[in-house]
Structure formats: C-alpha cells, structure tokens
Amino acid sequence: MAGPDPSLPTPPVARGSATELLGGVLLVGVGSAGGALAATLSAESAGRLAAAGAAFALVCGAALRGRAASPGAGLIWGLGAGFLLWMVLPAAGIAFHVTRVSPAAMLGDARARFPELVGCVVCIGAPVGVLLGAWGALRKRAAGGFHWGRAIAAGGAAGVVAALIFSRWMYVGEFYPLISGYGTLGGHFATVAFHFGAACLIGCTFGMLFQADVRNVGSAMGWGMGYSMFWWFLGQMTLLPVAAGGRVDWSVERASELFGSLVGHILFGLILGVVYACVDAAWRRLFVDADPLNRKRAGPGVHLLRSLGWGAVAGLCGGVAAVPLMIQSGVFSKLAGLDLGLPTAAGVCLHLLLSTLIGATYGVLFRGETSNTVFGSVWGLVFGLIWWYVGPLTLLPLARTGQCDWRPQAAAALMPSLVGHLVYGLVTANVFMALERSYATWLFSDPRQAALEARRALPAATPAPALWVFVLGVGVILPILLS
C-alpha cells in the first residue's frame, strides 16, 4: 500500500493544530512572565503571581477565542479580565475566614493589595489581551477595512484637542495631569510640549486600536474613558517614574497622591472619545459612506430633535428615581458640595431640571447604541459614572470656587451622590431605550429602514462587556481605596 505523497502540502487541520499549540504556549509564557514581573514590582510572591498569570492566559485563550479580533479588542478584554483576576485572587483565602472578616478589614486588605491590582492590569491583563487580539487579527486577516491615515489623523487631532481643556491649569497652576508621574522638565515650554506630545501619542494609539469599535459619540466616551484609565496605570504609575530616573512605586499612598491625575485622565479620555468620534464620523461621511441609497428616512435635524426629546423625558424619569436616595443622603441641601442651603423642595426641583437637561445629552450621545436591555442598562451605569466625575467632582466645585477639587477625600465624601448617579443613569437608559424601541417598531414597517436598523446592532464579539467591567470597577473602587 503506497504511503502519503511527500510532495503534497500539510493538511490544514494539522497545520492549524500546530499553530494553535504554538499560540497557546506563547500566551502562557507571556502570562507567566507578566505575573513574575508584577510580583517583582509589587513585592508579592513571584510563584503565586506567575502561576496566576499562566492560568489567566489559559482561561482567556479558551474563553476569548473568536472574540478578540483585533489588538484593541484584545486589550479591552485583557483589562476587564485583569481587573476580575485581582478580585478573584484573594477569594479562596476569604472563603475560609469569611465569618471573621469585617468590612474595615476587607477594605484594608484591598488597599494593601493595590500594587497587585496595578500588576494584574499592566503586566498580565494588557499583554495577554494584546497578544490575543493580534493573534485573532492574523488568523482572520481582518486588516482590510483598517485605515491607518484616518486612525492617526483623527486620533492625533482628538488627543491634542482633549489636552487643551487643561490649558488653564497648565499655564496658571503648573498642573499637567497626563505627565504627573514624571514631574516637570527644565522649562515651562518643554513641559507643555511634553504634555501635548503625550496627549497626541494617546490619541494616535486610541485611533489605531479602536477604529473598528467606535460607533457613536456615546460609546466613544466609554472607550476613551477606559483607555485613559489604562494609561494612568501604565503611564503615571509605571513608565513615567522610570523615565524620570526613579523607581516604580505602586503603593496606595503614591496612587492617592496621583488621584487628581486619574480624574484628569478620565476627563481627557471623555473629550478624546467625543472628538475622535466626530472627526471619524466626518471622515466616513466624506470618504467612505457617501452612498445615497443608504440615506435615512428622516434628516439629521429630525433625528437630533427626537433624541433630545426622548432623552429629556428619560432624564426626568431617572431624576425622579434618584430622588429618594438623594434625600436620604442629604445631597439636596448642599447640592453636591455647593452649600447653597436650599430647602429640600427647591433642591428637588433643581435636581429634576438638571436631570432633564443631562438626559437630553444622553439621547444625543447614545441614540442607536443599544441592541438589548443588558447593553442599554450598563451603558446607563457608565453614563451615570461619567457625570459623577464631570459634575460633583469637577464642574460644581469649579463653579463655586473656581478650582476643581480632585482630592481622594472629596471623592469619598461624594460617594452617596455616586449611588444616586448610577441609579439615574440606569433608569434614564432604560426609559430612553423603551422610547427608541417603540419608534423602531413603527419604523420596521419599511423594509429598507429595517435593514438599516439591523446593521446598527452590536456584533456578537463586541468587547463592550469587558470595557464596562473595567470602567465601572476601576471608576467606583479607586475613589474608595485611595481616600
């Protein structure tokens, strides 16, 4: 019986199996090395974190197969999974002592483990996620729809514009949130140039990583917020101290000193996402989607007015839902720190007015973003978290004193307000989605419009759930840990 012809190519199954095995070994190696590096920088047990990194890589490789289709998507999956790894690591020990652990002791333990959180995000989650995404992109050959010029131009412009919001503090207070971990250079001009250079770098890499994931302005704010949080861990806490000739300090005390920089990164990321989404949408409109057959039934002005109206109604409902929490926490009498001495009734009326106006912005930013109730609810929580950082923590102190109060202690004092903002965002998102779905039901009677609406649905492999875990987890826990 004749043997196999050696001139024939290797069967695809065997070649694919060898490739997958090589990828798995490389992934485990990266996870294990990242865990060992994190242990070195955080003074933790090297064997424990190396083993955790290897196991983390194996689990991510199995769970995210086919989901991490690009380096950007892989990075977000890695960040979300890295945060969950930090949450899970002490679970076994707590399970045996759960009856003897008090809330104060758990908080103290979490603060002591803060260096481990930075290591899980920077050294384990991010490298494993990027490698998974790069591997998925190579496997799918998914680079055909990517536009380098569009990513770099739109991202760089968005980064520079976003950095301009700190001009006043840069020129008056010598505050440079994107390079706080480095300090200042020899002169004012050099420091400002370094700050804008860092902003341009973050913007360009944002465009290159998330071009395929940015859909509308609302979700772009979420991507920008999450990516900027990651840069706070990577830049302020890790790379910049080394570049300045110092040593890496992942202690909770050092992170508390840089909390103002974290809030600055979050605001930078929000502006970065908004500007990038607008520039990218204009680019697509001019050069990519100029197709008269895909025009919508109503013009942009009609869509804008409809979104404003639905958002205002949804915001009012969200404000009403948050009233009991606000009254119980005593927020109305002070209006989140303004100390206006308002009666409760006047505070409620002002709260509902602001809720309506903020809800209108939700309608404009997040229209067409949600394809189901779960996605809509979590985007609402992210929206509430965004407005907590923008409103009580930034704009309201700025209106009262002319300065932002980004101290961890100020954030801790506003934690009851954070709960109200999360409830507000949750209710607002669900009411808006109900109004949007009601209109879509009528709209689907037109087959052409139904096809257009169907194309707006999020793909099954979207990394949005990982983004929500990372943004909500870090955005809520850090003000508690660092206060």
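A few points about this structure:
- For the range 145-290, the Cα-based Rg and Dmax, in that order, read 15.6, 53 Å.
- Extension gain (nm, one decimal) between A282 and T373, 0.36 nm per residue minus Cα-Cα: 29.8 nm
- Using a Förster distance of 41 Å, the FRET efficiency for V160-A63 (Cβ separation, nearest 0.05): 0.65
- Environment charge of Q409, counting only residues whose C-beta is closer than 15 Å and scoring Lys/Arg +1, Asp/Glu -1: -1
- In whole angstrom, the range 343-409 maps to an equivalent ellipsoid with semi-axes of 26, 17, 11, each derived as √(5λ) from the alpha carbon gyration tensor and ordered largest first.
- Per-residue packing, averaged as other Cβ atoms within 10 Å, sorts the ranges 266-274, 116-124 into the order 116-124, 266-274, beginning with the highest.
- Converting phi to 3J(HN,Hα) with the Karplus coefficients 6.51, -1.76 and 1.60 and the offset θ = phi - 60°, the range 147-153 yields 10, 4, x, 5, 5, 6, 5 Hz in sequence order, with x at every glycine or proline.
- Label-point gap, in nm, between A413 and F194 - each point 7 angstrom along Cα→Cβ: 3.3
- Using θ = phi - 60° and Karplus 6.51 cos²θ - 1.76 cosθ + 1.60, couplings along the range 424-437 (whole Hz; Gly, Pro as x): 4, x, 4, 5, 4, 4, 6, 5, 4, 5, 5, 5, 5, 5
- A straight chain from L185 to L305 at 0.36 nm per residue would run longer than the Cα-Cα distance by 38.4 nm.
Any read-out appearing in this document is the output of simple, stated calculations on the displayed coordinates, not a laboratory observation. A quick note: this is a predicted structure, and the numbers were derived from the prediction, not measured. Virtual Cβ from ideal backbone geometry, glycine too; neighbours counted across all protein chains shown.
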